[in-house]
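Novice: Before I ask anything, here is the structure I am working with.
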Amino acid sequence: MPVFNQSRSRIVRLIFSVAFFLILAQLFNLQVVSDKYRKLAMDNAVYPKIVYPERGIIFDRKGKAILNNTIMYDMMVTPAEIKGIDTMDFCRMMNIDTAEFNRRILDAKFKNTAVRPSIFEDLLTPEMQVRFEENSWKFPGFVLVQRPVRVYPFNAAAHLLGYIAEVTPKQIEGAEGFYRMGDYVGQTGLESVYERVLMGQRGVQYLIKDNKNRLVGSYEKGELDTAAIAGRGLRTYIDIELQQLAEKLMTNKVGSVVALDPKTGGILAMTSGPNFNPNELTGPDKSKNYTKLVLDVRAPLLNRAIKGQYPPGSTFKPIDALIALEEGVITPRSGIACTGGYYACSKRVGCLETWAGHAANLRLAIAHSCNSFFCNTYRLIVDNRKYGDVKVGFEKWHDYMNAFGLGTRLGLDLPSEDKANIPDTSVYNKEYRNQWNSCTNLTLGIGQDKMTATPLQLANAMCIIANRGYYYIPHFVQKIDDETEEDSALLNKYRRKHNVLTHIPDDAYDAVQNGMQDVVEEGTARIAKIPGINICAKTGTAQNFTILDGKRLELPNNSMFVCFAPKENPRIAIAVTVENAGFGATWAGPIARILMEKYLNDTLQTKSKEDLERISTANLMPKYYVRKQKVSDSLRAYEWFKITKDSSYIKKYVLERYSIPSSKNGKTPKKQNKKEEIVMWNEKRTYHQKQFART
């Protein structure tokens, strides 16, 4: 029995010993090896406050800051500290009602905590900021906190510079934790493309929390804090004075202007009409202004310089000539007997000139924009005997188009560039069941048929002609401040020369450039002449249409113009498109001349000053946009009425805004039930649709 008791005692001691050592091991693990609980303790006691840096500044080619930072204020609220305030007085000061006040306080409590500050209203107007500062002593729990905000000192280049906005959940997810709620990120333009350069590096300030979760001071006297590092600047090719001038010229017009430096591919100016003030998308009214811009049927947010797709028309003819010269199917001496039209394909393609000899050689054909010559030139390219088949020749022509940057994205440093359209053989095989030839699409030779191009592509094509066979990818940023290897890798693609044509002798280039100079000296672009400067240019008047109410509506022609200057040492290449404005020499040509003169001479002669006044004050906005806006607003009102049954929205948009008769007799009934109101609305809607279809 004693032996048994002794064995049991040893087992118990052994169990206690093992348990004791396990406890010691766990304590060692928790206190020395593992940092899990230390992190939990830190989370409970220390609050890491993110310090946001100032974003980098964007400069123009002369060192002017065209996108900068300023300071605005957010109003922060700590709900637990709101005691004994006059709520009505506060609401009057903030221009809100008490219901909105209570909603925001509840949001602050649920989204954060009652003892932690959160945003009550962001980006206060200067007037509201002053009013609060004068009365802040009456409202405990509310404080102002600085926030860096983007500002556009020249009110220009909205489509190029872009804007920033608070990061979305989708962007946070896509960035794999790099962004967090409250971060602001570039959404469009250079702000988006160069986000990692401009954003800088966040800092952290560690603050101690008490047992009631209140912030009571710095942790470790700030020794662990890290300072925010400001973003780095971008040095661009943009000439802000030229940019402002281009935007002024495109006031109340639909279209685009692109100006490039042929020697570098640097974008000197790029504007899209209609335009908007970039400062509208920053500050306290940004959300309201963004909604207004989105609902505008003229699409002011659309950058038509890189997304507008236009038939290039006659502006394409010099490109057609260069491809034919490269292929060897024509020479500078090649000509055609044209008496006013091209008839070789059993259908007439009209020509502006009828006098004999106007297309006796390449130079004359370009100078007088002979459709016959360039339709025939296109056919010579695709029917080239060395390819043996029109489809093979057409694919070769298609490859040349892509080499010129047409039908493909050039790759500039802006998001959402369109490639426009250069049809390939599959398009015609499908449409004509494989039974087609060079006559089927011969108007491709004069920039029509299914061909479209963006203004940027046309300006780049002018750089190729100016440079006699090469170009650099168009881009805005010349260099990045404190450039790193990663930055250099980003910019290197814009510093590589792209050779397009390698077999054309100088005399052939001379013929093309001389023909384009003749367009200015004695042809359709005499309006673009600048004393003392040799300019090479080409006008274009492209057919245009739109689809309204499911029907094709023929519109006035687009006014097109491309050019470069000086001829001997090209410093600027320009493409101008003005939608529905008629002949290229009427509007687009003078716009290009004013911009060239400003850039090359840094001044404007009397004629250009007069044209600047005439063009900038002219309203060429297509009238169908007015009808389109009416229908858009009306249908939106109708959808709102279906959801809310609130007729006030209908009255606002239909009765008040457009003065549309509310019934067949033209009188507005004083009282109507819901059924009668719906009938009334349907009459209005039918009225709108009929008016829209007539436009």
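The values are calculated or read from the model by the stated rules, or taken from the named source; none is laboratory data. Owing to the predicted nature of the structure, the values given are computational and were not obtained by experimental measurement. So basically every Cβ, Gly included, is an ideal-geometry build from the backbone, and we count neighbours across all protein chains shown.
Novice: Give the number of residues within region 110-156 that are of a type in the set (A, V, I, L, M) and closer than 30 Å to residue 244 by Cβ.
Specialist: Adding up the residues that qualify gives 5.
Novice: Considering only region 423-496, give the helices (runs of 4 or more DSSP H) lying wholly within it that have at least 2 residues that are within 26 Å of residue 572 (Cβ to Cβ).
Specialist: 455-466, 485-491
Novice: Could you check residue 601 against (1) under 27 Å from residue 569 (Cα atoms); (2) touching a strand residue (DSSP E or B) at 6+ places or on another chain (Cβ under 7 Å); (3) surrounded by fewer than 19 Cβ atoms within 10 Å (Cβ to Cβ) and say which number it fails?
Specialist: Of the numbered conditions (1) under 27 Å from residue 569 (Cα atoms); (2) touching a strand residue (DSSP E or B) at 6+ places or on another chain (Cβ under 7 Å); (3) surrounded by fewer than 19 Cβ atoms within 10 Å (Cβ to Cβ), the odd one out for residue 601 is (2).
Novice: Out of the residues in region 247-268 meeting the condition of being assigned to a strand (DSSP E or B) and touching an Asp or Glu at 6+ places or on another chain (Cβ under 6 Å), tell me which one is modelled with the lowest pLDDT.
Specialist: Only one residue tops the list, namely 255.
Novice: If you don't mind, there's one more thing I want to ask. Just to be sure, is residue 430 surrounded by fewer than 17 Cβ atoms within 10 Å (Cβ to Cβ), farther than 25 Å from residue 272 by Cα and among the basic types (Lys, Arg)?
Specialist: It is true that residue 430 is surrounded by fewer than 17 Cβ atoms within 10 Å (Cβ to Cβ), farther than 25 Å from residue 272 by Cα and among the basic types (Lys, Arg).
Novice: Looking only at helices (runs of 4 or more DSSP H) that fall completely inside region 576-646, which ones have 2 or more residues that are modelled with pLDDT of 95 or more, touching a Lys or Arg at 6+ places or on another chain (Cβ under 8 Å) and over 15 Å from residue 273 (Cβ atoms)?
Specialist: 588-601
Novice: Before we move on, is residue 442 touching a helix residue (DSSP H, G or I) at 6+ places or on another chain (Cβ under 6 Å) and at pLDDT 95 or above?
Specialist: It is false that residue 442 is touching a helix residue (DSSP H, G or I) at 6+ places or on another chain (Cβ under 6 Å) and at pLDDT 95 or above.
Novice: Return the residues of region 356-370 that are touching a Ser or Thr at 6+ places or on another chain (Cβ under 8 Å) and either farther than 17 Å from residue 513 by Cα or not hydrophobic (A, V, I, L, M, F, W, C) (or both); say none if nothing qualifies.
Specialist: 356, 361, 369 - these are the residues of region 356-370 that are touching a Ser or Thr at 6+ places or on another chain (Cβ under 8 Å) and either farther than 17 Å from residue 513 by Cα or not hydrophobic (A, V, I, L, M, F, W, C) (or both).
Novice: Mind checking which residues of region 79-108 are assigned to a loop (DSSP other than H, G, I, E, B) and of a type outside the set (D, E, K, R)?
Specialist: The answer is 82, 84, 85, 95, 96.
Novice: Of all the residues that make up region 109-124, how many are in a loop (DSSP other than H, G, I, E, B) and within 35 Å of the chain's Cα centre (by Cα)?
Specialist: Matching residues across region 109-124 total 3.
Novice: Something else: Hey, among 173, 127, which residue is more than 30 Å from residue 80 (Cβ to Cβ), at pLDDT 80 or above and more than 20 Å from the chain's Cα centre (by Cα)?
Specialist: The unique qualifying residue is 173.
Novice: Also, quick follow-up: Of the numbered conditions (1) within 39 Å of the chain's Cα centre (by Cα); (2) outside any loop (DSSP other than H, G, I, E, B); (3) closer than 26 Å to residue 541 by Cβ, residue 364 fails exactly one; give the number of that condition.
Specialist: In the conditions (1) within 39 Å of the chain's Cα centre (by Cα); (2) outside any loop (DSSP other than H, G, I, E, B); (3) closer than 26 Å to residue 541 by Cβ, residue 364 misses (1) alone.
Novice: Any residue at all in region 577-588 that is in contact (Cβ under 8 Å) with a residue 12 or more places away in the chain, within 21 Å of residue 303 (Cα to Cα) and in contact with a helix residue (DSSP H, G or I) (Cβ under 6 Å, 6 or more places away or on another chain)?
Specialist: yes
Novice: Answer yes if at least one residue in region 513-529 is in contact with a Cys (Cβ under 9 Å, 6 or more places away or on another chain), under 26 Å from residue 559 (Cα atoms), surrounded by 19 or more Cβ atoms within 10 Å (Cβ to Cβ) and of a type in the set (Ser, Thr, Tyr), and no otherwise.
Specialist: no
Novice: What are the residues in region 81-126 that are closer than 18 Å to residue 138 by Cβ and of a type in the set (Gly, Ala, Ser), if any?
Specialist: Within region 81-126, just 84 meets the criteria.
The rows are residues; the columns are (1) surrounded by 13 or more Cβ atoms within 10 Å (Cβ to Cβ); (2) among the aliphatic types (A, V, I, L, M).
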position: 123; (1), (2): yes, yes
position: 144; (1), (2): yes, yes
position: 168; (1), (2): yes, no
position: 203; (1), (2): yes, no
position: 217; (1), (2): no, no
position: 220; (1), (2): no, no
position: 228; (1), (2): yes, yes
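Novice: Okay, moving on. Which one of 435, 478 is under 28 Å from the mean Cα position of the chain (by Cα) and either at pLDDT below 95 or polar (S, T, N, Q) (or both)?
Specialist: None of the others qualify; the one that does is 478.
Novice: Give the residue, chosen from 399, 413, 389, 424, that is charged (D, E, K, R) and in contact (Cβ under 8 Å) with a residue 60 or more places away in the chain.
Specialist: That would be 413, the only listed residue that is charged (D, E, K, R) and in contact (Cβ under 8 Å) with a residue 60 or more places away in the chain.
Novice: So, in region 66-103, of the ones that are crowded, with 17+ Cβ neighbours inside 10 Å, β-branched (Val, Ile, Thr) and at pLDDT below 90, which residue ends up farthest from residue 191 (Cα to Cα)?
Specialist: Going through the qualifying residues, I end up with 82.
Novice: Could you check, for region 498-506, whether at least one of its residues is out of contact with any helix residue (DSSP H, G or I) (no Cβ under 8 Å at 6 or more places or on another chain), under 22 Å from residue 189 (Cβ atoms), touching a residue at least 12 places away in the same chain (Cβ under 8 Å) and in a helix (DSSP H, G or I)?
Specialist: no
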